[in-house]
1. In whole percent, and with a 1.4 Å probe on the protein chains, what portion of the accessible area of the chain is carbon and sulfur?
2. For region 401-495, would you read off the P(r) tail past 24 Å as a percentage of all alpha carbon pairs?
3. Among K62/K171; K110/K171; K366/K468; K102/K171; K411/K486, which pairs are too far apart, with a Cα-Cα distance over 21 Å?
4. Using the Karplus curve 6.51 cos²θ - 1.76 cosθ + 1.60 with θ = phi - 60°, work out ³J(HN,Hα) for each residue of region 360-376 in order, rounded to whole Hz, and write x for Gly and Pro.
5. Based on the mean of other Cβ atoms within 10 Å per residue, sort peptides 302-310, 334-342 so the most packed one is first.
6. Express the accessible area of region 379-448 per residue in Å², computed with a 1.4 Å probe while the remaining protein chains stay in the model.
7. Using helices alone, I'd like the mean residue ellipticity at 222 nm for the chain: each DSSP H run of four-plus residues gives -39500 (n - 2.57), total over residue count, nearest 500.
8. In region 245-265, which residues have a backbone nitrogen under 20 Å from the label point lying 7 Å from D435's Cα in the Cα-to-Cβ direction?
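The values are calculated or read from the model by the stated rules, or taken from the named source; none is laboratory data. Because the structure is predicted, anything quoted here is derived from the model rather than measured. Ideal geometry is used to build each Cβ from the backbone, glycine not excepted, and the neighbour counts take in all protein chains shown. To get the accessible areas, we keep the full protein, side chains included, count just its heavy atoms, and leave off ligands, DNA and RNA. Shrake-Rupley method; radii C 1.70, N 1.55, O 1.52, S 1.80 Å.
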Amino acid sequence: MTNPLWDRLFGVHLGRETPFLHLPDGRTLTHDAFLRLSARFAHTLGDCGLAPGDRLALQVEKSPEGLAVYAACAAAGVIFLPLNTAYTPAELDHFIGNSGAKLFLCDPAKAEALRPVAEAHGTRLETLAADGTGSFAALAEDRPEHFAPVPRAEDDLAAFLYTSGTTGRSKGAMLTARNLLSNAEVLTRAWRFTADDVLLHALPIFHTHGLFVATNVMLLAGGAMIFHPRFAAAAAIRDLPRATAMMGVPTFYTRLLDSPDFTRETCANMRLFVSGSAPLPAETHRRFEERTGHRILERYGMTETNMITSNPCDGERRAGTVGLPLPGVAVRICDAKGREVPQGETGVIEVRGPNVFHGYWQMPEKTAEEFRDDGFFITGDLARQDADGYITIVGRARDLIISGGFNIYPKELEEAIDAQPGVLESAVIGVPHPDFGETPVALIVPQGAGPDLSQVERALRDTLAGFKQPRRLILVDGLPRNTMGKVQKAELRRSHASLFAS
Ligand code: MLC
Ligand code: AMP
């Protein structure tokens, strides 16, 4: 019996003393050293009582150790559930409770605040710090550096990633080994990654982009990553001359362009810049090419589906488009009933293929709602396809704001604001922002004497991650509604479009 995820991403590198992670302190971890670390962790998962199919939740700063937990889960058949480091205890409570995670690994600095969350759900809590210390690392210290991977099938679950829906409550997207491997294989080929590549990795590793796109592709290709703890333009500019590729959200590219130190010479060794997770403005694409001579390759995907389309590596990369459907991924553009619209017209992107997730954890009805009978998943992204097959995303059918590549669901903010004294109702909209692409703004209708806005701000800070905080709270007399009584957000977006115009 085999374990496809571990075998193909990790096992192939056993004994290879080739560079895998170049770290900020100047150390380089080889593939084999990384696997030895992950083997100790895999033994420790068993020691902590985890069996194949159990869930492990992880909220730790980006580090080789954090990544080694992913490899350990693959080896031990444990379902990996990485969590945004910005989530508050109130937000984490839902993920831990809903997933039924057996073990929760957190940063030592947060252990005290998170212990009640773990205890409330009967979850074991251990710690793992960015410097490799912590109670979990201590447990792993003397464990063997070899672990025989447990047998797993391609359709076994490998990871849960929580993603919000229209209800404001996050759903656990269940991803199988096949979902992850098929997409990583397609992308490695499409983007021509090889063992000679060195990827500048500055994305977080708790989302699809940094983990399943960037990391899995580099693992399959057998190349190395310059592993930055977070994106900082100056550090990226310093290290790009020794990289061959970078993947980022549009904010990475606009911030690089903001620096006069970012030049053609910075990119002399580079062969590929990839952008995704949010729309890359055509203007940024053009300015980037003017400055560096490189045309950014834009691709499009989603937590539930991994990557769906990509501009070509060798062919024409069209600014403002997300390119063509990836090999093996069926894409169609449909009306609300799932009928394909005529070519060139706008509809919702639907997708089917080995990349598409298994469903939402313990939500069969919600899952069924988002799939057509013939197996296509309804993405909620509005797009049109030109005669050459290139797809342009023109908007979203879902009420979703994407800020710097992080998703924010207005409903979640509206519920929190509406619960505050002096608030009759609220509407949260995404407004164009020069740094983050979009940013949330809350329009609040007062009740009686109205709310204390600084109190509303504090309440939001206490419960919701920093990146979700509305950049403005604006009191309004009322909200525009259509004849059905639905708030007309498009109108609100139009009237507030220039709030942050640069
Ligand atoms: C951080 N902050 C943000 C933010 N990130 N605010 C709005 N939007 C964001 N994206 C806030 C913090 O709360 C904090 O505010 C302040 O900014 C400074 O925090 P920071 O961590 O120092 O921020 P910074 O380094 O500037 O981060 C910006 C960023 C980062 C763009 C580099 O957000 C990032 O790496 N984004 C990538 C997201 C990503 O990987 N998405 C992929 C999803 S997968 P305060 O007030 O609290 O101090 C997906 C599928 C697909 O979408 O297709 O890929
Ligand atoms: P997530 O749920 O975090 O995986 O975010 C997925 C969403 O990000 C998609 O449904 C799109 O709305 C958006 N997205 C990802 N890549 C792109 C892109 N290149 N252009 C526009 N939107 C994108």
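1. Percent of accessible area from carbon and sulfur atoms in the chain: 51.
2. Every Cα pair in region 401-495 considered, those over 24 Å come to 18 percent.
3. K62/K171; K110/K171; K366/K468
4. The phi angles translate into 8, 3, 6, 9, x, 6, 4, 4, 4, 4, 9, 10, 7, 4, 8, x, 7 Hz.
5. Going by the mean number of other Cβ atoms within 10 Å, highest first, we get 302-310, 334-342.
6. Normalised by residue count, the accessible surface of region 379-448 is 35 Å².
7. That calculation yields -8000 deg cm²/dmol at 222 nm.
8. Under 20 Å, as judged by backbone N against the label point of D435, lie 248-262 of region 245-265.
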